[in-house]
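K.L.:
Dropping the structure in here first, questions after.
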Amino acid sequence: MIRLGDAVATGQVLARLEASELELQVELAQSVLELKQAELAQLQEGPSETELAAAQASCEAAVANYEKLRAGPSSEGIAIAEADLAKAAIALERAQAAYDAASRRPDIGQRPEPLQLDWAQIDYWQAKAAYELAIGGPDKAALKQAESLVAAARARLEVLRGNAQGRGIQPAQADVIRAQMGLAAAERELEQAILRAPFAGTITSVA
């Protein structure tokens, strides 16, 4: 602590203002700079062949899935679903007939078993739902989602290709310069919170 009569050297710290917020700003600016430097280094290195191949494969798979949904079910798929529905309908009729026959039995204490009929009904409903889905064409929500996935996959592939050609390096270098300037400004503000002696001498007053 500086008192009256103390001798001080040029640049010696005389007082410090509350600077916790300014110190936090410096730390944040330093983190931003490190992040931008890492991004620049990654761009300069460029994507690997494995990354490019994976992005290309992902894009092709997304396009194939979209085209499949847009085309709708094949005639073979519809035929299979129709056949499954017919078999389920026959099985349901037989289960219903067996249940009705058991219900008419005069034997005392004999009750029809509904389990087989229940399973036959479930199988029929499932087969009917599959058939209706097959002939109903592509679902609009699923088609929209598949289209979005194609757009995202293509965008990622283009970014990686651009990085491989160095197109993103110049903007990244500009980001690093801006981050350096931000750090310098934060450090200046922090430095201004410290009062230093402008020249060597003796303290004659404390305000």
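K.L.:
Determine whether the range 43-61 contains at least one residue that is outside any helix (DSSP H, G or I), in contact (Cβ under 8 Å) with a residue 12 or more places away in the chain, within 21 Å of residue 126 (Cα to Cα) and out of contact with any Ser or Thr (no Cβ under 8 Å at 6 or more places or on another chain). Full working, then the answer.
P.N.:
Taking the range 43-61 first, the residues outside any helix (DSSP H, G or I) are 46-48.
Adding the requirement that they be in contact (Cβ under 8 Å) with a residue 12 or more places away in the chain leaves 46-47.
Checking the rest, the ones that are also within 21 Å of residue 126 (Cα to Cα) come to none.
No, the conditions are met nowhere in the range 43-61.
K.L.:
Has the range 73-80 got at least one residue that is modelled with pLDDT under 85, assigned to a helix (DSSP H, G or I) and within 30 Å of residue 39 (Cα to Cα)?
P.N.:
Checked against the condition, which is being modelled with pLDDT under 85, assigned to a helix (DSSP H, G or I) and within 30 Å of residue 39 (Cα to Cα), the range 73-80 yields no hits at all.
K.L.:
Turning to a different aspect of this structure: Could you pull out the residue among 45, 34, 18, 49 that is open to solvent by 60 Å² or more (accessible area, probe 1.4 Å) and at pLDDT 80 or above?
P.N.:
Details: 45 fails: at pLDDT 80 or above; 18 fails: at pLDDT 80 or above; 49 fails: at pLDDT 80 or above.
34 is the lone residue from the list that is open to solvent by 60 Å² or more (accessible area, probe 1.4 Å) and at pLDDT 80 or above.
K.L.:
Hey, another quick one. Among 102, 91, which is the only one that is surrounded by 15 or more Cβ atoms within 10 Å (Cβ to Cβ), modelled with pLDDT of 85 or more and part of a helix (DSSP H, G or I)?
P.N.:
Details: 102 fails: modelled with pLDDT of 85 or more.
Just one listed residue meets the conditions, 91.
K.L.:
Another question about this same structure. State all residues of the range 137-155 that are open to solvent by 60 Å² or more (accessible area, probe 1.4 Å) and at pLDDT below 85; if no residue qualifies, say none.
P.N.:
Within the range 137-155, 139, 140, 141 qualify.
The values are calculated or read from the model by the stated rules, or taken from the named source; none is laboratory data. Bear in mind that the values here come from a model prediction, so they are computed numbers and not experimental data. For neighbour counting, all protein chains shown are included, and Cβ atoms are generated from backbone atoms with ideal geometry for every residue, glycine included. When the accessible area is computed, the model is the full protein with side chains, heavy atoms only, and any ligands, DNA or RNA have been set aside. Shrake-Rupley method; radii C 1.70, N 1.55, O 1.52, S 1.80 Å.
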